Amino acid sequence: METITDTLSKESLRLFDIKIINPDDFGQLVFRFIFNLFVLFVIINYIYAKNSNRKDFYFSYFAVSMTIFTLCFLLESVKLEIGFALGLFAIFGIIRYRTDAIPIKEMTYLFVVIGIAVINALSNKKVSYIELIFTNTAIIAAVWVLEKILKLKQEVCLSILYENIDNIHIMKKEELYEDIQQRTGIKVKRIEIEKISYLRDVAWLKVYHDINDSNGNSNTF
């Protein structure tokens with residue numbers, strides 16, 4: 001006895017010479033979309049969110065990854081495949097919002113969510129579901145290990161217009177560090193002098209500190 005799916009597949013109902021529904025492809029799209037969304041949720045909500053002070057990338061990560069996934073999945077049938085995937089990496093991987101440059105750590109997570117979307121969308125019939133699940137699980141585990149076990153510190157740069165020009169001297173390095181730390185509460189790792197104006201008695205400094213450091217949790221107030 002034929003099922004409804006078999007009947008629809010044989011009849012290939014069309015509208016303007018386009019199939020109204022392809023049950024097998026549609027089922028695979030729904031399954032992979034939900035699976036991709038689940039992996040994203042684990043990485044973004046349980047790994048990234050718990051190890052970062054930035055919350056403004058939630059929307060971007062989900063939106064970019066879901067869009068890349070649907071774009072790759074729907075266009076996979078036109079045989080763009082690997083070249084198309086690499087092109088998407090090149091385009092979206094170098095995105096820098098004009099209002100605010102993306103920090104290195106956030107850019108890395110952007111690569112991760114784009115990569116996951118491309119893998120889940122373009123894996124063809126030669127890739128089993130076990131292989132697909134293992135790949136996603138391995139990425140989740142690797143990101144978790146890097147965040148939790150290795151405890152990698154994220155270095156942040158803070159630009160400062162410094163008016164105490166007397167401390168901008170090679171022999172007064174300790175005084176400069178101590179002054180910056182007292183003013184900002186940041187445990188300074190290193191300082192770079194960008195520019196000095198003796199006419200205005202000011203200097204443009206770049207102050208580097210660890211964002212997860214106890215004395216420098218964030219450069220926002």
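Readers should treat all values here as calculations from the given coordinates under stated rules, not as data from a laboratory. Bear in mind the structure is a predicted one, so any value in this text is a computation, not a measurement. In this analysis, Cβ positions are derived from the backbone assuming ideal geometry, glycine residues included, and neighbour counts consider all displayed protein chains.
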15 Å beta-carbon shell around A141, net charge (K/R +1, D/E -1): 0
Label-to-label distance, nm, for residues given as V30 and K126 (7 Å Cα→Cβ offset): 3.0
14 Å beta-carbon shell around I44, net charge (K/R +1, D/E -1): +1
Local electrostatic count, Y61, Cβ distance below 13 Å [Lys/Arg +1, Asp/Glu -1]: +1
Residue order, fewest to most surrounding Cβ atoms within 10 angstrom, among I102, I116: I102, I116
Cβ-derived FRET efficiency at R0 41 Å, S197 paired with K148, nearest 0.05: 0.35
